[in-house]
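There's a structure below that I have some questions on.
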Amino acid sequence: MTKLGPNGPRVSRLALASSYGVTAKDVDRAFEMGVNFFFWGALRRRSFGAALRRLAARDRGDVVIAIQSFAARPWLVRPSVELARTRLSVDHIDVLCLGYRNEGVEPALLDAASRLVDLGLVRSLMVSSHDRPTLVSLAAEPRFDTLMVRYNAAHRGAESAVFPAAKRASRAVLAYTVTRWGSLLDAASLPKDEPRPQGSDCYRFALSHPSVDACLFGPANEAEMVEALRAYERGPMTEDELAWMRRVGDAVRLHRRQAPPLGPRDYVRHGIGMVRSIATHGLTEDLLSRFNR
């Protein structure tokens, strides 16, 4: 367990995300395996919410519920929170994340979120951004307990910018895109002379950094969830393992940069793949994240 900043709750070091495909049964199993941090994120899946509602009714003190709001206007923040409270049958939300704030957070919007904390409807505030300088500036805002940061073996820029700012301000760090949308596990992107990482290796890498308090993980099925949770039993990485993952991350980034430009056939194939994904899995956060890479 770790604590999300000075005012935040104590949480498991892996936070299960709702938007990728896990079922209500998987939520129950994750809780049994030690996960108490649940992120009912951009896509609030009904089955995930139903499982959270059951867990909260039985063990509310042991379940930490985070939601995300992309509200552009201050008056839209509270309805998002109230809808989540109603659907989950809870009297408060533990963590409210103001999501994808690449241009910072308007004072009126932050005031609206802070009022929900004052009213006891929300216990802790978090902010996410893809822009590291923005997160550095937001770290100085005392009303945020946690910074949600893109961090993985291929994207390590947060180590030199965001993490020191978070440490100075005593902000917790929640890492996301830890597998880099799966590319750190994709044999086509990996160097031929290096062992292929497992899912748990990606989470072990992130959690081995002293500034990372927890990681968001979004398995598509039970097998992926169990593999990610092996990070607990396998523990922190050795220096040799960290060096290996950095080499893998560098190779994945280079592979991405050297890829030839897409042609008309590639766009058609990509479009067909997206349609098939939606038909099979519905709209997922992984699908949405393709537009933010």
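So how do Asp131, Asp94, Asp193 line up by other beta-carbon neighbours within 10 Å, fewest first?
Result, fewest neighbours first: Asp193, Asp131, Asp94.
Give me the angle, in degrees from 0 to 90, between the Cα long axis of helix 239-258 and the longest principal axis of the Cα atoms of the chain, rounded to the nearest 10.
80
State the Kirkwood hydrodynamic radius of region 1-116 in Å, one decimal place, computed from all pairs of distinct Cα atoms.
14.6
Could you work out the helix-only [θ] at 222 nm for the chain, with each DSSP H run of four or more residues adding -39,500 (n - 2.57) and the total divided by the number of residues, to the nearest 500 deg cm²/dmol?
Working: 11 runs with 128 residues, N = 293.
The helix-only estimate for the chain comes to -13500 deg cm²/dmol at 222 nm.
What percent antiparallel are the DSSP beta bridges of the chain, to the nearest 5?
Working: 2 of 32 bridges.
Antiparallel: roughly 5 percent of the beta bridges in the chain.
In degrees, nearest 10, range 0 to 90: what is the angle between the Cα axis of helix 46-59 and the longest Cα principal axis of the chain?
Once rounded, one gets 50 degrees.
Fewest first, what order do Asp201, Asp28 take by the number of other Cβ atoms within 10 Å?
Least crowded to most crowded, the residues run Asp28, Asp201.
Now for a separate question. Report ³J(HN,Hα) in whole Hz for each residue of region 65-71, in order, from the Karplus equation J = 6.51 cos²θ - 1.76 cosθ + 1.60 where θ = phi - 60°; Gly and Pro get x.
Listing the rounded values in order: 10, 10, 10, 10, 10, 9, 3 Hz.
I need the calculated FRET efficiency for the pair Ala140 and Ala72, taking r as the beta carbon distance and R₀ as 25 Å, to the nearest 0.05.
On the way: r = 23 Å, r/R0 = 0.92.
For Ala140 and Ala72, the calculated efficiency is 0.60.
Could you check the spin-label model distance between Leu242 and Asp186? Points 7 Å from the Cα along Cα→Cβ, value in nm.
Inter-label distance under the simple model: 2.8 nm.
Another question about this same structure. For the chain, with the dipole built from +1 on Lys and Arg beta-carbon atoms and -1 on Asp and Glu ones, taken about the Cα centre, which of Ser47, Cys215, Pro197 lies farthest toward the positive end?
Ser47
Taking the Cα centre of the chain as origin and charging only Cβ (+1 Lys, Arg; -1 Asp, Glu), how large is the dipole, in debye to the nearest 20?
500
Give, in nm to one decimal, the length gained when the segment between Asp131 and Glu82 is fully stretched (0.36 nm per residue of separation minus the Cα-Cα distance).
14.8 nm
Of the listed peptides 159-167, 239-247, what is their order by residue-averaged count of other C-beta atoms within 10 Å, with the highest listed first?
Per-residue Cβ counts within 10 Å, averaged per peptide and sorted highest first, yield 159-167, 239-247.
The numbers here are math on the coordinates, done by the rules we state, and not lab data. These figures come from a predicted structure and were not determined experimentally. Backbone-built Cβ (ideal geometry, glycine too); neighbour counts: all protein chains shown.
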